[in-house]
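Only the coordinates and a few stated rules stand behind these numbers; no lab work does. Here the structure is a predicted model, which means the values were calculated and not measured. So basically every Cβ, Gly included, is an ideal-geometry build from the backbone, and we count neighbours across all protein chains shown.
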Amino acid sequence: MDRKRASRIKRESVLGLPVIDGSTGKKLGVVKDFYAAKQSTQLQGFYVVNKALGGKTMGLPFHNATIGYDAVMVEGELIKSHNQTETENEELKKLLNKKVVREDGVDLGIISDIILDPLTGRIEGLELSESVFEDLMAGRRILPYEPYEYINGDILVITMEQAESIDSSNRGIKNILFNRLE
């Protein structure tokens, strides 16, 4: 069976995936999170936790990994985690659950997830959630990712141009229903 490879995946779908050594088939741990260099749109690697080693966290450079549907395959060795990497990860995690507001004060939603390209490791966007009802009706939207400078506490302020680039996921009930009627 030929399965089409996903061109975008959510951060949440990578967390908890087993990390498998491609040459031995041995499970090396599970993905705890991923990290990127500050002010970069490129994923640098993954944190891998190995319970057999006492819950030790190791680093997995992105260029040594292949993200699959059910696992992350490794070609190469894991590296010791270092403090700089942990700081880099915090930059992305800080974006989660932030309110996104257009520069004129219009509320655009809350950042619910980070979207990336599994082949290139490019951070593609931030998934925006307005409310449970709106998410069901219209689907969540994607704000193209760029290193944002205008973070004020729990609020990310974006320009009018950035707001215009928000893409609809077209996954809501309303879109599915209207597409079937056409």
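Summary table below
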read-out: Contact order normalised by residue count of segment 9-93, Cα under 8 Å, 6+ apart, percent; value: 27
read-out: Sequence ranges 120-128, 106-114, 7-15, ranked by mean other-Cβ count within 10 angstrom, highest first; value: 120-128, 106-114, 7-15
read-out: Semi-axis lengths (Å, descending) of the ellipsoid that matches the C-alpha gyration tensor of segment 9-93; value: 19, 14, 12
read-out: Extension gain (nm, one decimal) between residue 51 and residue 63, 0.36 nm per residue minus Cα-Cα; value: 1.9 nm
